[in-house]
1. In debye, nearest 20, what is the charge dipole magnitude of the range 16-102 about its Cα centre with +1 on Lys and Arg Cβ and -1 on Asp and Glu Cβ, if you could check?
2. Rg and Dmax of the range 57-100 over Cα atoms: what are they, in angstrom?
3. For a test of the definition: using alpha carbon positions, the gyration tensor, and the 1.5 limit on a/c, classify the range 90-215 as rounded, prolate or oblate.
4. Place the peptides 79-87, 22-30 in order of packing, highest mean first, counting for every residue the other Cβ atoms within 10 Å and averaging per peptide.
5. Viscosity 0.692 mPa s, temperature 37 °C: Stokes-Einstein D of the range 16-102 from its Kirkwood Cα radius, in µm² per second?
6. Tell me the label only: which of [x] 1.16; [y] 2.42; [z] 1.02 is Cα Rg over 2.2 N^0.38 Å as calculated from this structure?
7. Compute the relative contact order of the chain as a whole-number percentage, counting only Cα pairs closer than 8 Å that sit 6 or more residues apart in sequence.
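Please treat every number below as a calculation from the coordinates, not as lab data. All of these numbers come straight from a predicted model, not from anything done at the bench. Positions of Cβ are backbone-derived with ideal geometry, glycine not excepted, and every protein chain shown enters the neighbour counts.
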Amino acid sequence: MVSVPMFYRVSQSFTPADMRSAWMIVDQSHGHNHFIALEDGIISESSFFIPRAPSGYFTVGTTGVVDLTFITDEEKVQVRGGFADRDHIVLSVPRTGGVIHRVQDESRCMGVWTGLLSQTSFPGAIIHRPIRLEVDSRGLVTNIVGFGDNYIGRLFSLNEGPASGFLYTKGRNPANVDEHDMIHLIGTHTGEKITGFYETEESVEGDANLIRISP
């Protein structure tokens with residue numbers, strides 16, 4: 001009887017539980033979008049124009065292949081990729097070149113923000129719309145002033161880099177749609193500023209400039 005050295009290959013296996021987190025899709029061709037994934041395959045929230053929860057669903061293969069499906073009022077938005085590591089998913093066709101990043105710090109945008117959404121999508125003078133919002137340690141946005149009384153949403157950023165926010169009206173009435181019922185903010189977080197642009201479900205677009213006035 002002799003002792004024989006034994007070596008084992010450790011295989012990395014993925015499950016839907018590995019997705020539990022807030023994530024941000026950084027895609028220069030389609031803009032930044034965020035979403036929140038649960039361990040049971042449900043996408044609870046997203047910055048796509050989806051006025052309900054959940055926003056969609058996903059699957060994860062054992063090899064790390066990820067399929068995301070966001071269900072809007074008009075279509076399904078499907079995003080596919082594969083884990084490069086536990087915190088990054090590299091996108092495949094048709095979004096080749098994009099990466100989904102795990103939001104490591106959901107409190108990065110915490111504080112009180114003020115600024116302007118400057119509407120530029122229609123001919124004529126630019127319309128400046130003042131806005132004020134409060135963000136907590138979960139990235140949850142409340143007490144939004146400037147677009148009605150019942151707005152709520154999320155605002156995330158990556159290491160003072162890409163930022164994505166989504167604001168929507170609670171109890172949205174489909175029979176009385178306002179052009180700013182849902183607002184998607186896309187920009188860059190640097191220091192105490194977020195600069196970029198915004199868009200709405202009703203094809204309103206413009207520049208976005210926010211300043212954090214208190215932590």
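1. Result for the range 16-102 is approximately 120 debye, rounded to the nearest 20.
2. In order Rg, Dmax, the Cα atoms of the range 57-100 give 10.8, 33 Å.
3. Details: a/c = 1.44, a/b = 1.20, b/c = 1.21.
Judged from the Cα gyration tensor, the range 90-215 comes out rounded (a/c under 1.5).
4. Numbers: 79-87: 16.1, 22-30: 18.3.
In decreasing order of mean packing, 79-87, 22-30 become 22-30, 79-87.
5. Once the numbers are plugged in, D ends up at 259 µm²/s.
6. Answer by label: [x].
7. For the chain, the relative contact order is 15 percent.
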